[in-house]
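Take a look at the structure set out below.
The values are calculated or read from the model by the stated rules, or taken from the named source; none is laboratory data. All values reported here derive from a predicted model rather than from experimental measurement. Every residue, glycine as well, gets a Cβ built from its backbone with ideal geometry; the counts of neighbours run over all protein chains shown.
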Amino acid sequence: MLSHAITAIRVNEQLICRLLQWAAAHSQDPHAFIESALEAARSDIRRSADDGSTNSAIATGEALEYLDDLANEMKPRLSKSNSQ
């Protein structure tokens with residue numbers, strides 16, 4: 001069951017990345033669009049962790065790290081799609 005959940009999460013992640021890239025490609029400034037979307041997500045994550053608990057702080061740190069990893073993963077793809 002855990003492997004199915006992980007697979008589903010990874011598929012959702014890839015779909016979201018593709019949707020963001022598609023939307024960015026149709027914007028006037030694709031890089032700014034992606035940066036704005038990522039910053040909004042970071043802000044939402046930070047805001048949701050304001051309960052002061054240690055578990056929330058750990059989860060927030062991990063979520064922000066994961067988001068940064070996704071951002072780094074998307075950068076090369078975005079550059080490729082802009083150069084075509």
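Among residues of the stretch 44-55 that are polar (S, T, N, Q), none has a beta-carbon under 6 Å from a residue that is assigned to a helix (DSSP H, G or I) and modelled with pLDDT of 80 or more at least six positions away or on a different chain.
For the stretch 56-72, a residue qualifies if it is over 25 Å from F33 (Cβ atoms) and loosely packed, with under 12 Cβ neighbours inside 10 Å, and the qualifying residues are I58, E62.
Cβ separations smaller than 6 Å between residues 6+ apart or across chains give no pair from the stretch 1-25 residues that are on the phi > 0 side of the Ramachandran plot and modelled with pLDDT of 90 or more to residues that are charged (D, E, K, R) and outside any helix (DSSP H, G or I). Determine whether A41 is surrounded by 12 or more Cβ atoms within 10 Å (Cβ to Cβ) and at pLDDT 90 or above. Here the answer is yes, as A41 does meet what is asked.
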